[in-house]
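J.: Quick one: the structure is below, questions incoming.
The values are calculated or read from the model by the stated rules, or taken from the named source; none is laboratory data. Keep in mind it's a predicted model, so treat the numbers as computed, not measured. Heads up, the Cβs are rebuilt from the backbone with ideal geometry, glycines too, and the neighbour counts pull from every protein chain shown.
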Amino acid sequence: MDSQIPAVRMQNITKTFGKVTANKDVNLDIRRGEILALLGENGSGKTTLMNMLSGIYYPDSGSIYIDGKEADIGSPREAFSYGIGMIHQHFKLVDVLTAAENIILGLKEEGRLNLDAAEKRIREICSTYGFEVDPKQKIYDMSVSQKQTVEIVKVLYRGADILILDEPTAVLTPQETERLFDVLRNMRADGKAVVIITHKLREVEEISDRVAVLRKGEYVGELKTSETNAQEMTDMMVGHAVSLNIERPEPKDPKPRIEVKNLSVRSSDGIRKLTDVSFDIRTGEILGIAGISGSGQKELLESVTGLQPVESGSITYIEDDGSRRELIGMDPRHIQAMGVSLAFVPEDRLGMGLVGSMNITDNMMLRSYRGGHTVFTNRKPPKALADRVVRELEVVTPGLTTPVQRLSGGNVQKVLVGREIASAPTVLLTAYAVRGLDINSSYTIYNLLNEQKKEGVAVVYVGEDLDVLIELCDRILVLSGGRVSGIVDGRTADKNEIGLMMTKAGGEAHE
Amino acid sequence: MFDLISFIPRAVAQSIPLLYGCTGETITEKSGNLNLGIPGVMYVGAISGVIGSFLYEQSAGDQMNGFLTIFIPMACCLLGSLLMGLLYCFLTVTMRANQNVTGLAMTTFGVGFGNFFGGSLIKLSGSEVPSIALSATSRAFSRSLPFAANLGWFGKIFLSYGFLAYLAIAIALTASYVLKHTRTGLQLRAVGESPATADAAGISITKYKYFTTCIGCMIAGLGGLYYVMDYACGVWSNDAFGDRGWLAIALVIFTIWRPNVSILASMLFGGLYILYLYIPSGMNLSMKEIYKMFPYLVTIIVLVISSMRNKRENQPPASLGLNYFREDR
């Protein structure tokens, strides 16, 4: 192994988008037979940097050397010719095509289109590294982890030996993550260079050999994973010391606020999404909801907020004085007026709750425009709110008039969550509030939730990261295929136990 | 009595412009370009062919060369439609203008262009009626096999058309094969479904969009040419082409983006379009308009059914109507 000449050397790379500098004078080495973790907060330019390697973007200045020779990567096709393959955070797959068709897409091979030969080669690759892929399966029939596998096979099929994975674990269960890491280790042993972009420090510690840190588009430094720890890495990323413990104040006098009984929901296509779900949401407490994505989390929250028609069961809102009101059948607007507030962050981050082409102030107004007495809207309060959210949550934006779709993902989310919290709810439902957020912003959000909890708000936190669920939540409800497979105490819960409950088919409740 | 043997050839003749337009639009839409300019393109294709053949007929007089009689109108038609295609691509792909607005503007432009030059030619020829007749060219275009007339009903139904009719079917079958069974087709579908994916796979989005849109426009333009030269017997009169371009776009949806299905579907549409001639409706002219509605009605029903069944393969290309810009965030 030639460790002197790195597989990739990036020198003084600078890239700007309009006025925003995404990368400034970045230097980075990627070596063969090594897993490099690229660490940084949201908007620190990790993805942009790697996109320049994979030919999606072209650097404004600086040079890239592949195996010691200067390379000019002007397009994804040229990136492939240098053996660079990137697995994007948002999968680049065509839904209506099969796995095999996706894998051979864009390849310039001689002769007629021969899918059978391609399928045979795909099976060979799968057996070498231990993947499971059915080449004939359509992408839209696949689970997230299967899609990711197709992506990885795709780059291997092209003979890539420099692999870049952009937040590969964001959508995987702990078990799937383990399997992915095994595959990555196989590749490392095979002499490939692997780069993994992430901000989950536990994963960095588990899988990587070396860590490179970016902060605000600039290269901060690199560390050997074996010689560092989570605290040091975080401090480098953020630029100042951050406490890594999530606070969990004792719930004060929890009282049931919303009682859900035997709730069953079917989607509009008649597919059963929730079966016989019963639980309660209590004041001054954070209830976590764990489950593989698509296990009914969305339907559950939407039923409570009146957005989803319910098949059977009851959802009861209990006032402070003990009087009860049935929420099913109520107008969503009335439910909202009672203080039940929903912040749902979908996978594409923009789909629900924010309008991408509108600016921050206007998005704040989406919640409040019905107030007031004249036909004209009053822009002052939403502007003040926007200003506060931007300041308190440290939203990086050129100004309040910037359309939210121009902001980076994390900042978009801060705007959304900030707005929901500001509506002073009695029940705050959040789903994937920290999806894709970096550590610093995530902690800001956890603190916000804890503050709400202390004020006696009943908080529901639907999350993906089990470690966080266990540290943050008082109780955790585990969903599996639309059924409650158990409610566990956050203080005593075990990650593996929850992971198993998430994949369990049936479900007997135990508390 | 319903006369099937005279009905079918008329339905087929009616269907050919639709089939050209539909095939052209289908492959264009497969690249993610929703070209609503197709009606205009068909007008431009038709008038370009008419101009070419008019000038040739004027200059050649009696000594018309059989090859040039066909070649010149066709070349002019293809060139005219190609320019429309290039214009559409330049605006939407290079300049990233809104596709709907561009398409509608091009339809308005194309119809106006056709009528303007049509009107000019009518003036030039100094004819009494508001139309130009290019009978010599039309004879060449609508010539069917010599022995077709001797084959009774078989010849009438299958062999009584000019070569452009068979070309339309051949093009539709070819397009269908290319889309389904070749690498180019696979990559084209990927461009229309998810340009970001195709781009990351190293496929040139711009190239695919330009090529398919221009080829699509040229195919659609031939539909206009067929209409004037064969169906209308070489007679151009303003606005005669009517709403066939829109019908072709409706046909794309009706066939759920399948050129091979569109061969039969266009004949169905063609049949519905002239059905009123065969159903005794008395002298009531308003009935005619009701019958002409049928194709659209059927399209709406298909649209409803295919949306209800919600099968992924039957949906429009996912990025239809959206422009692609790589560094968009």
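J.: Across the range A:84-113, which residue is nearest to B:S194 (Cα to Cα) among those that are at the interface with chain B (Cβ under 8 Å from one of its Cβ atoms) and among the β-branched types (V, I, T)?
T.: Selected residue: A:V94.
J.: Which condition number in (1) assigned to a helix (DSSP H, G or I); (2) more than 22 Å from A:V171 (Cβ to Cβ); (3) touching a strand residue (DSSP E or B) at 6+ places or on another chain (Cβ under 6 Å) is the one that A:I487 fails?
T.: Result: A:I487 fails condition (1) only.
J.: Right, something else. For the range A:260-296, give me each residue that is more than 14 Å from A:L429 (Cα to Cα), among the acidic types (D, E) and modelled with pLDDT of 90 or more.
T.: Correct list: A:D276 only.
J.: Can I ask one more? For the range A:406-427, indicate whether the set of residues that are within 14 Å of another protein chain (Cβ to nearest Cβ), more than 15 Å from the chain's Cα centre (by Cα) and on the phi < 0 side of the Ramachandran plot is non-empty.
T.: Checking the range A:406-427: at least one residue is within 14 Å of another protein chain (Cβ to nearest Cβ), more than 15 Å from the chain's Cα centre (by Cα) and on the phi < 0 side of the Ramachandran plot.
J.: Follow-up question, since we're still on this one. Please indicate, with yes or no, whether at least one residue in the range B:248-261 is within 14 Å of chain A (Cβ to nearest Cβ) and crowded, with 21+ Cβ neighbours inside 10 Å.
T.: Yes, the range B:248-261 has at least one match.
J.: Hey, among A:I103, A:I73, A:I87, A:I56, which residue is within 30 Å of B:T182 (Cα to Cα), in the same structural domain as A:P135 (by TED's automatic domain parsing) and modelled with pLDDT under 85?
T.: Residue meeting the stated conditions: A:I56.
J.: Taking the range B:178-218 only, how many residues are polar (S, T, N, Q) and either assigned to a helix (DSSP H, G or I) or within 19 Å of B:G40 (Cβ to Cβ) (or both)?
T.: Result for the range B:178-218: 6.
J.: Given (1) within 14 Å of chain A (Cβ to nearest Cβ); (2) buried (at least 21 other Cβ atoms within 10 Å of the Cβ); (3) in contact with a Gly (Cβ under 9 Å, 6 or more places away or on another chain), identify the lone condition not met by B:L134.
T.: B:L134 satisfies all of (1) within 14 Å of chain A (Cβ to nearest Cβ); (2) buried (at least 21 other Cβ atoms within 10 Å of the Cβ); (3) in contact with a Gly (Cβ under 9 Å, 6 or more places away or on another chain) except (1).
J.: Another question, then. Test A:L49 against the criterion of being more than 12 Å from chain B (Cβ to nearest Cβ) and not in a strand (DSSP E or B), and give yes or no.
T.: Considered against the rule, which asks whether it is more than 12 Å from chain B (Cβ to nearest Cβ) and not in a strand (DSSP E or B), A:L49 comes out as yes.
J.: Let me ask you something else. Test of understanding: among A:S81, A:S75, which residue is without any contact (Cβ under 8 Å) to a residue 12 or more places away in the chain, small (G, A, S) and within 13 Å of chain B (Cβ to nearest Cβ)?
T.: A:S81
J.: Here are some conditions: (1) small (G, A, S); (2) within 17 Å of B:T26 (Cα to Cα); (3) away from chain A (no Cβ under 14 Å). B:S286 meets all but one. Which one does it not meet?
T.: In the conditions (1) small (G, A, S); (2) within 17 Å of B:T26 (Cα to Cα); (3) away from chain A (no Cβ under 14 Å), B:S286 misses (2) alone.
J.: Among the residues of the range B:112-131, what is the count of those that are surrounded by 15 or more Cβ atoms within 10 Å (Cβ to Cβ), touching a helix residue (DSSP H, G or I) at 6+ places or on another chain (Cβ under 9 Å) and of a type in the set (A, V, I, L, M)?
T.: Going through the range B:112-131 one residue at a time, the tally reaches 1.
J.: For the range B:192-203: of the residues being touching a residue at least 24 places away in the same chain (Cβ under 8 Å) and under 17 Å from A:T98 (Cβ atoms), which is farthest from the other protein chains (Cβ to nearest Cβ)?
T.: Filtering the range B:192-203 for residues that are touching a residue at least 24 places away in the same chain (Cβ under 8 Å) and under 17 Å from A:T98 (Cβ atoms), the one farthest from the other protein chains (Cβ to nearest Cβ) comes out as B:G192.
Every residue, every condition in (1) among the hydrophobic types (A, V, I, L, M, F, W, C); (2) out of contact with any Cys (no Cβ under 7 Å at 6 or more places or on another chain); (3) surrounded by fewer than 22 Cβ atoms within 10 Å (Cβ to Cβ), yes or no:
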{"residue": "A:V462", "(1), (2), (3)": "yes, yes, no"}
{"residue": "A:D465", "(1), (2), (3)": "no, yes, yes"}
{"residue": "A:G481", "(1), (2), (3)": "no, yes, yes"}
{"residue": "A:S485", "(1), (2), (3)": "no, yes, no"}
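J.: Determine whether the range B:166-177 contains at least one residue that is without any contact (Cβ under 8 Å) to a residue 12 or more places away in the chain, assigned to a loop (DSSP other than H, G, I, E, B), surrounded by fewer than 19 Cβ atoms within 10 Å (Cβ to Cβ) and within 14 Å of another protein chain (Cβ to nearest Cβ).
T.: There is no residue in the range B:166-177 that is without any contact (Cβ under 8 Å) to a residue 12 or more places away in the chain, assigned to a loop (DSSP other than H, G, I, E, B), surrounded by fewer than 19 Cβ atoms within 10 Å (Cβ to Cβ) and within 14 Å of another protein chain (Cβ to nearest Cβ).
J.: Still on this structure: Here are B:F109, B:F90: which of them is over 20 Å from the mean Cα position of the chain (by Cα), among the aromatic types (F, W, Y), modelled with pLDDT of 95 or more and surrounded by fewer than 24 Cβ atoms within 10 Å (Cβ to Cβ)?
T.: B:F90 is the lone residue from the list that is over 20 Å from the mean Cα position of the chain (by Cα), among the aromatic types (F, W, Y), modelled with pLDDT of 95 or more and surrounded by fewer than 24 Cβ atoms within 10 Å (Cβ to Cβ).
J.: Go through (1) in a helix (DSSP H, G or I); (2) within 30 Å of A:L156 (Cα to Cα) one by one and return the number of the condition B:G221 breaks.
T.: It is condition (2) that B:G221 fails.
J.: Quick check on my filter: what residues within the range A:63-115 are under 27 Å from the mean Cα position of the chain (by Cα) and among the basic types (K, R)?
T.: Matches in the range A:63-115: A:K92 only.
J.: Separate question: Check A:G68, A:G74, A:G18, A:G33 and return the single one that is surrounded by 15 or more Cβ atoms within 10 Å (Cβ to Cβ) and either farther than 19 Å from A:G410 by Cα or small (G, A, S) (or both).
T.: Only one candidate passes the filter, namely A:G33.
J.: Still on this structure, please answer the following. Output the residues belonging to the range A:160-194 that are crowded, with 18+ Cβ neighbours inside 10 Å and of a type in the set (S, T, N, Q).
T.: A:T169, A:T173, A:T177
J.: Just checking, which of A:S63, A:S145, A:S44, A:S127 is hydroxyl-bearing (S, T, Y), farther than 22 Å from B:V191 by Cβ, crowded, with 23+ Cβ neighbours inside 10 Å and more than 12 Å from chain B (Cβ to nearest Cβ)?
T.: A:S44
J.: I've got another one for you. Failed condition for B:A75, given (1) of a type in the set (A, V, I, L, M); (2) touching a Gly at 6+ places or on another chain (Cβ under 8 Å); (3) touching a residue at least 60 places away in the same chain (Cβ under 8 Å), with all others met?
T.: In the conditions (1) of a type in the set (A, V, I, L, M); (2) touching a Gly at 6+ places or on another chain (Cβ under 8 Å); (3) touching a residue at least 60 places away in the same chain (Cβ under 8 Å), B:A75 misses (3) alone.
J.: So which of B:D230, B:D239 is more than 14 Å from chain A (Cβ to nearest Cβ), touching a helix residue (DSSP H, G or I) at 6+ places or on another chain (Cβ under 7 Å), at positive phi and among the acidic types (D, E)?
T.: Only one candidate passes the filter, namely B:D239.
J.: Check off (1) without any contact (Cβ under 8 Å) to a residue 60 or more places away in the chain; (2) more than 14 Å from chain B (Cβ to nearest Cβ) for A:L300 and give me the number that stays unchecked.
T.: The single condition A:L300 does not satisfy is (1).
J.: Kindly evaluate A:D438 against the criterion of being closer than 22 Å to A:T169 by Cα, among the charged types (D, E, K, R), buried (at least 20 other Cβ atoms within 10 Å of the Cβ) and touching a residue at least 24 places away in the same chain (Cβ under 8 Å).
T.: Against the criterion (closer than 22 Å to A:T169 by Cα, among the charged types (D, E, K, R), buried (at least 20 other Cβ atoms within 10 Å of the Cβ) and touching a residue at least 24 places away in the same chain (Cβ under 8 Å)), A:D438 qualifies.
J.: Which of the numbered conditions does A:T377 fail, given that it passes all the others? Conditions: (1) assigned by TED's automatic domain parsing to the domain that holds A:G481; (2) part of a loop (DSSP other than H, G, I, E, B); (3) not aliphatic (A, V, I, L, M).
T.: Single failed check for A:T377: (1).
J.: What number goes with the only condition from (1) more than 21 Å from the chain's Cα centre (by Cα); (2) assigned to a helix (DSSP H, G or I) that B:S127 does not pass?
T.: (2)
J.: Counting only residues that are closer than 21 Å to A:V204 by Cβ and hydroxyl-bearing (S, T, Y), how many does the range A:415-443 have?
T.: Total meeting the criteria: 3.
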